[in-house]
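First the structure, in the form of structure tokens, and then the observations on it.
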Amino acid sequence: MLIPCPHCGTRPVEEFTFLGDASVKRPASNDPSSMEQWYDYVYLRNNPKGRFDEFVHHSGGCRAWLVISRDTETHEVFGCVTVRDYGKTKGGKA
């Protein structure tokens with residue numbers, strides 16, 4: 001699988017570290033009453049089929065944090081953007 005890094009161009013998948021779902025929202029509070037929200041955020045993740053946005057780190061290249069949009073069944077890559085740009089298009093922080 002080839003990934004189009006916005007900084008380095010198209011690179012092989014071996015240069016990237018996959019880090020999970022980019023659509024999950026981090027809890028806003030560190031208050032002890034929000035521990036259930038934190039548990040869900042850290043441990044309970046879906047493993048979907050189909051199109052999926054996920055965090056990747058270009059650990060073997062420019063070392064940038066990116067969000068890749070790909071199909072988990074076919075591994076077709078639809079695009080790759082910086083985390084900052086992803087947060088701007090999704091209307092919040094990433």
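Bear in mind these aren't lab numbers, they're just calculated from the coordinates by the rules spelled out. Everything numeric here is computed off the predicted structure, so don't read it as measured data. Because the Cβ atoms are built from the backbone with ideal geometry, glycine has one as well, and the counts that use them run over all protein chains shown.
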If GLY79 meets every condition in (1) part of a loop (DSSP other than H, G, I, E, B); (2) in contact with a strand residue (DSSP E or B) (Cβ under 9 Å, 6 or more places away or on another chain) apart from one, which number is that one?
(1)
Return the residues of segment 37-70 that are loosely packed, with under 12 Cβ neighbours inside 10 Å and assigned to a helix (DSSP H, G or I); say none if nothing qualifies.
TYR39, VAL42, TYR43
Here are the criteria: (1) without any contact (Cβ under 8 Å) to a residue 40 or more places away in the chain; (2) over 14 Å from the mean Cα position of the chain (by Cα). Tell me which single one CYS62 does not satisfy.
(1)
Inside segment 2-36, the number of residues satisfying the requirement of being among the acidic types (Asp, Glu) and assigned to a loop (DSSP other than H, G, I, E, B) is 1
